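The values are calculated or read from the model by the stated rules, or taken from the named source; none is laboratory data. Computed from a predicted structure; not experimentally measured. Methodologically, a virtual Cβ is constructed for each residue, glycine included, from the backbone with ideal geometry; neighbour enumeration extends over all protein chains shown.
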Amino acid sequence: MKWRELAEHQIRKAQADGQMDNLKGAGKPLKHEGGNGVDAAGFRIMAEAGVLPREIELKKAVDAQQKILAQTHAPKERKREMARLADLQLRLSIEQEARRKYYRTG
């Protein structure tokens, strides 16, 4: 799936969930404030709607899990938290690779 299709899918999903209702500037043309057009406009719309790209959500989750792991000392619980961290890091790596692949082929 191309980045544009992914962005449009996320926007349609946000619309269906009502997250795009009553946005600032609704019904008005988008301002061209730097960026590369469609991507910049899409990210701006998502930011104003409070929707984060999956990669950003995963980065935040990895950071939070690292803090939990740092505070966990019992071996059994530590092992469980390390597994959760490894899973989040793997998911983040997949998202980052997908983005890099898109920009190489797009």
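Taking the condition of being among the small types (Gly, Ala, Ser) and surrounded by 13 or more Cβ atoms within 10 Å (Cβ to Cβ), how many residues in segment 80-92 meet it? Can you show your working first?
Of the residues in segment 80-92, the ones among the small types (Gly, Ala, Ser) are 83, 86.
With surrounded by 13 or more Cβ atoms within 10 Å (Cβ to Cβ) added as a condition, the list becomes none.
Residues in segment 80-92 being among the small types (Gly, Ala, Ser) and surrounded by 13 or more Cβ atoms within 10 Å (Cβ to Cβ): 0 in total.
Being under 19 Å from the mean Cα position of the chain (by Cα) and either closer than 23 Å to Leu92 by Cβ or at pLDDT 80 or above (or both) is a property that Met20 lacks. A search for C-beta distances below 8 Å between a residue of segment 52-72 that is within 23 Å of His9 (Cα to Cα) and any residue that is small (Gly, Ala, Ser) and in a helix (DSSP H, G or I), counting only pairs 6+ apart in sequence or on different chains, returns nothing.
Taken over segment 60-79, the residue count meeting the criterion of being surrounded by 12 or more Cβ atoms within 10 Å (Cβ to Cβ) and either of a type in the set (A, V, I, L, M) or in contact with an Asp or Glu (Cβ under 9 Å, 6 or more places away or on another chain) (or both) is 7. Only one of the numbered conditions (1) within 14 Å of the chain's Cα centre (by Cα); (2) at pLDDT 85 or above is violated by Arg99, and that is (2).
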